[in-house]
Amino acid sequence: MTLSQLLTQYGDRYLQALFTTWQLTFFSFLGALAVGILVTVFRVSPIRPLRLFGDFYVQIFRNIPGAALLILLVYALPYLKITFPYDACVLIATILIPSAFCSEHLMSGMNTISPGQIEAARALGMNFFQLIRRIVIPQSLRSAVLPMTNLMVATMLTTSLGSQVPLRPMELTGIVSYINTRSAGGVMAFAISAALYCMTGLLIGAAGSWLDRKVRILR
Amino acid sequence: MTENNQPVIELRQVNKHFGDLHVLQDISLTVKKGEVVVIIGPSGSGKSTLCRAINRLETIDSGEILFEGEPLPREGKELAQMRAKIGMVFQSFNLFAHRTILDNITLAPCDVMKASKKNARQEAMRLLERVGVADQAGKVPAQLSGGQQQRAAIARALAMHPKAMLFDEPTSALDPEMIGEVLNVMTELAQDGMTMLVVTHEMNFARRVADRVIFMDGGRIVEENTPEAFFSNPKTQRAKGFLSSVRMQDREL
Ligand SMILES: Nc1ncnc2c1ncn2[C@@H]1O[C@H](COP(=O)(O)OP(=O)(O)OP(=O)(O)O)[C@@H](O)[C@H]1O
Ligand SMILES: [Mg+2]
C-alpha cells in the first residue's frame with residue numbers, strides 16, 4: 001500500500017494509537033518516577049534490609065527483558081491466582097523496568113550533592129526524611145533531567161510491549177501488526193509508526209532540554 | 001562578656017581514632033556560657049574533628065561530651081534536637097545549592113522547629129539584615145560572593161536560636177578582602193554574648209575576641225591560655241614554632 005492509501009484507510013487508527021502510546025508513556029514514566037524515588041530512598045536509608053532490598057530490586061528490573069516480564073505477568077501470575085487485565089500488565093512492566101533505571105539516575109544525580117550540604121542539614125537538626133525530601137531528592141532530580149529525558153524516550157519505546165497482548169485501543173506497534181494482518185501494509189505501515197515514535201522522542205527531548213535549562217542548579 | 005560559670009560544652013577525656021591515627025587524644029575542654037574559645041593549631045592536628053564531634057557529625061571512641069550538662073544523645077530524635085541547638089558554620093559554607101538564600105534560612109526553622117512560614121520569613125529577613133546580605137535574599141548561593149555566602153550561612157545557623165555556635169575555619173576559603181566582613185559578623189555575635197567555639201588562624205580576631213585560646217597539635221591540647229598570654233608568651237616550643245610560621249605567612253601576604 002502507498003502512504004496515502006494507508007493514511008486514508010487507517011489514519012484515524014494511527015492517531016488513536018499515537019494517543020495510546022502517549023498515554024502509556026506518560027503514566028509509565030510517572031509511575032517509574034514515583035517507584036524509582038521510593039526505591040532510591042530505600043537504597044540510602046539507614047536501615048540495612050531496606051538498602052539491600054532496594055539494590056536487589058534495581059538489579060532485578062534493570063536486567064530482566066521487558067517481554068519476559070510481560071509474559072510473567074500475563075501468563076505466570078494467573079497460576080498464583082493473580083490476574084491483572086492486559087493494560088495493567090503492560091503498565092506494570094513499563095513502570096517496573098524504567099523505575100530501576102530511574103533509581104540509577106537518581107543515585108548518580110545524588111553524587112553531585114556536596115557532602116557538606118548533608119552535614120549542614122544534619123547540623124541544623126534535620127532528620128532523615130527532612131533531609132531526603134528537602135535536599136537530596138530535589139537536587140538529585142534537578143541534576144538528572146537529561147538522563148531522565150532519555151529514560152522517558154526509552155519508556156516510550158518499551159510501551160511497544162503493548163503489541164504483545166490484545167490491548168484495546170492499540171498502541172503504535174500493535175497497530176502495525178493489526179494493519180498487516182488485514183491488508184498488505186508492508187514496510188510503509190512500519191514507517192508511519194516509526195515516524196510517530198521519532199517525532200514523540202524529539203518532542204520529549206526538546207521538553208527535557210528546556211526543563212534542564214530551567215531547573216539546572218548553579219554551582 | 002557575661003561571666004557565667006555554667007558550662008555549655010564540656011568534653012571529658014575524649015579519644016577518637018581514624019584507623020591507626022589517634023586524632024583526638026584525651027581531650028578535655030569546657031566552654032562556659034557566653035565564652036568565646038578559639039582553637040588554633042597546624043593542619044591535621046584534629047581541630048575539625050573536635051568541632052564535628054561536638055554535634056556528633058563524628059562519633060568518638062571513648063570519653064564524654066556534654067551539652068548543657070547532658071551527654072550527647074547517640075542517635076534519633078534526641079540527637080536531632082540537640083544538634084538544632086548547636087549552630088555550625090563550615091569552611092565551605094555548605095548552603096543548599098538549589099534553594100534561595102531566604103529558603104536556606106527558613107528551611108530548618110519550618111521543618112525542625114515547626115515555625116510558621118510567615119514568622120520564619122520575617123525572622124530570616126531580620127537575620128539577613130543583621131549579617132548584611134538582605135538584598136541577596138532572592139538569589140541562589142552560587143550567585144553570591146564567598147563572604148556573602150558565609151554570612152548567609154551564619155544567619156542560617158542563627159535562625160535555629162542556637163545555644164552555642166561552632167565555627168570551623170569560617171574564613172579559610174575566602175579571598176582576603178572578604179575575611180573582614182565575616183569576622184565582623186562573628187565579633188558582633190560574640191559581643192552579643194553568644195557562646196562560641198572557633199577554629200581559626202586569624203590571630204587578630206583571636207586576640208580581640210577570644211576569652212581563651214587553645215593550641216592543638218597531634219591530636220592533643222598542648223596549650224591553653226588567655227589570648228594575651230598565649231600570643232605574647234607561648235609556653236611550649238611547638239606553639240612558638242607554629243606562631244612564628246603563621247606570622248611569617250601573614251607577612252608574605
Ligand atoms: N574521615 C576521615 N577518615 C580518616 N582520616 C581522617 C578523616 N577525617 C580526618 N582525618 C585525618 O585526621 C587528622 C585530623 O583531621 P582534622 O580535619 O581534624 O584536622 P584539622 O586540624 O582540622 O586540619 P586542617 O587545619 O587541615 O583543617 C588528619 O590527619 C586527617 O587526615
Ligand atoms: Mg580542619
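Every number here is computed from the coordinates shown, using simple stated rules; none is lab data. Just so we're clear, the structure is a prediction, and the values are computed from it rather than from any experiment. Heads up, the Cβs are rebuilt from the backbone with ideal geometry, glycines too, and the neighbour counts pull from every protein chain shown.
From the list B:V112, B:V23, the one residue that fits, being away from every other protein chain (no Cβ under 11 Å) and in contact (Cβ under 8 Å) with a residue 12 or more places away in the chain, is B:V23. Among the residues of segment B:87-105, those that are among the aliphatic types (A, V, I, L, M) and more than 7 Å from chain A (Cβ to nearest Cβ) comprise B:V89, B:L95, B:I101, B:L102, B:I105. Of the listed requirements (1) within 16 Å of ligand 1 (Cβ to nearest atom); (2) buried (at least 22 other Cβ atoms within 10 Å of the Cβ), B:P109 misses just one: (1). Within segment B:38-70, can you find the residues that are more than 8 Å from ligand 1 (Cβ to nearest atom), of a type in the set (S, T, N, Q) and under 17 Å from the mean Cα position of the chain (by Cα)? Across segment B:38-70, the qualifying residue is only B:N55.
The test for being surrounded by 15 or more Cβ atoms within 10 Å (Cβ to Cβ), of a type in the set (V, I, T) and under 17 Å from A:I95 (Cβ atoms) does not hold for A:V44. Between a residue in segment A:101-121 that is within 19 Å of A:L218 (Cβ to Cβ) and within 9 Å of chain B (Cβ to nearest Cβ) and any residue that is small (G, A, S) and not in a helix (DSSP H, G or I), which pairs come within a Cβ distance under 6 Å, given they are 6 or more apart or on different chains? From segment A:101-121, the pairs are A:G116/B:S92.
Please specify each residue of segment A:122-140 satisfying the condition of being at the interface with another protein chain (Cβ under 10 Å from one of its Cβ atoms), within 30 Å of A:W210 (Cβ to Cβ) and out of contact with any His (no Cβ under 9 Å at 6 or more places or on another chain). Scanning segment A:122-140 gives A:L131, A:R133, A:R134. Within the span defined as segment A:145-160, one or more residues are crowded, with 19+ Cβ neighbours inside 10 Å, touching a His at 6+ places or on another chain (Cβ under 7 Å), aliphatic (A, V, I, L, M) and assigned to a helix (DSSP H, G or I). When the residues of segment B:191-208 are filtered to those that are away from ligand 2 (no atom under 16 Å from the Cβ) and surrounded by 22 or more Cβ atoms within 10 Å (Cβ to Cβ), the one that is nearest to the chain's Cα centre (by Cα) is B:M196. When restricted to residues that are part of a helix (DSSP H, G or I), surrounded by 18 or more Cβ atoms within 10 Å (Cβ to Cβ) and without any contact (Cβ under 8 Å) to a residue 40 or more places away in the chain, segment A:122-137 contains 6.
When you go through B:A152, B:A229 one by one, which is the residue that is more than 16 Å from ligand 1 (Cβ to nearest atom) and crowded, with 22+ Cβ neighbours inside 10 Å?
On the way: B:A229 fails: crowded, with 22+ Cβ neighbours inside 10 Å.
Testing whether each residue is more than 16 Å from ligand 1 (Cβ to nearest atom) and crowded, with 22+ Cβ neighbours inside 10 Å leaves just B:A152.
Restricting segment B:39-84 to residues that are more than 12 Å from ligand 2 (Cβ to nearest atom) and β-branched (V, I, T) leaves a set whose member that is surrounded by the most Cβ atoms within 10 Å (Cβ to Cβ) is B:I54. Looking across segment B:17-37, the residues that are within 14 Å of ligand 1 (Cβ to nearest atom) and assigned to a loop (DSSP other than H, G, I, E, B) come down to B:G19, B:D20. Condition check: among the basic types (K, R) and farther than 19 Å from B:T30 by Cα. Does B:R208 satisfy that? So B:R208 fits the description; yes.
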